[in-house]
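**Q** Could you have a look at this structure, given as structure tokens, before my questions?
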Amino acid sequence: MNNLNHLENLPQELKYLLSAFLISLSIGILMGLSYVYMTTDMKPAGITERYNGSDVKINEIPENYPKPIENMILTTHNHLIMFSIISILLGYIFYHNSIINGWAKTLIILEPFIGTIIMFGALWLMRYVNPSFNYLVALSSIITYTMWFLMIMISLFNLNKK
């Protein structure tokens with residue numbers, strides 16, 4: 001790759017723009033993770049309860065009702081689109097870093113796309129096939145978010161190194 005395309009060689013104004021975008025996106029992702037924490041306690045059992053519904057005891061109102069198929073479709077649709085947009089934007093910026101190259105760069109860029117499909121596929125499997133797929137939802141989520149934050153941190157470092 002041409003050295004002029006590396007993040008550290010961009011004009012200062014573009015470095016500011018990309019840094020502001022990456023910081024804003026990080027805040028947005030953290031807000032989403034805060035919502036996940038509030039609704040699932042970030043535990044596999046919490047994911048299952050959120051989508052499959054709470055265990056109901058006689059004469060009690062459940063805290064979570066099973067998600068109807070319409071809600072599952074809407075959740076999946078919205079997240080697949082937004083996660084894909086986040087992943088392509090982060091991947092494009094990260095592609096221009098000069099710190100990580102080769103197969104590692106390719107893996108880090110592609111994992112969020114694969115992880116998103118696994119995450120939401122497992123969510124459907126957890127809801128309609130077997131609650132134990134909650135572990136696959138959790139694992140794929142952890143890996144996807146880790147790759148996003150890795151791309152953000154490396155890109156920010158590369159944009160702002162002197």
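**Q** Checking the structure you have, find out if any residue of segment 11-30 is free of Cβ contacts under 8 Å to residues at least 40 places away in the same chain and over 21 Å from LEU90 (Cβ atoms).
**A** Yes, some residue in segment 11-30 is free of Cβ contacts under 8 Å to residues at least 40 places away in the same chain and over 21 Å from LEU90 (Cβ atoms).
**Q** While we're on this one: Checking the condition in contact (Cβ under 8 Å) with a residue 24 or more places away in the chain, part of a helix (DSSP H, G or I) and surrounded by fewer than 16 Cβ atoms within 10 Å (Cβ to Cβ), which residue from LEU80, LEU74 passes?
**A** It is LEU80.
**Q** Looking at this structure, is ILE99 in contact (Cβ under 8 Å) with a residue 40 or more places away in the chain, not acidic (Asp, Glu) and not in a helix (DSSP H, G or I)?
**A** yes
**Q** Hey, another quick one. Out of TYR51, TYR95, TYR35, which single residue is closer than 15 Å to MET153 by Cα, of a type outside the set (Lys, Arg) and out of contact with any strand residue (DSSP E or B) (no Cβ under 9 Å at 6 or more places or on another chain)?
**A** It is TYR95.
**Q** What number goes with the only condition from (1) over 22 Å from ILE27 (Cβ atoms); (2) touching a residue at least 40 places away in the same chain (Cβ under 8 Å); (3) hydroxyl-bearing (Ser, Thr, Tyr) that THR144 does not pass?
**A** (1)
Bear in mind these aren't lab numbers, they're just calculated from the coordinates by the rules spelled out. Keep in mind that this is a model prediction, so the values were computed, not measured. Virtual Cβ from ideal backbone geometry, glycine too; neighbours counted across all protein chains shown.
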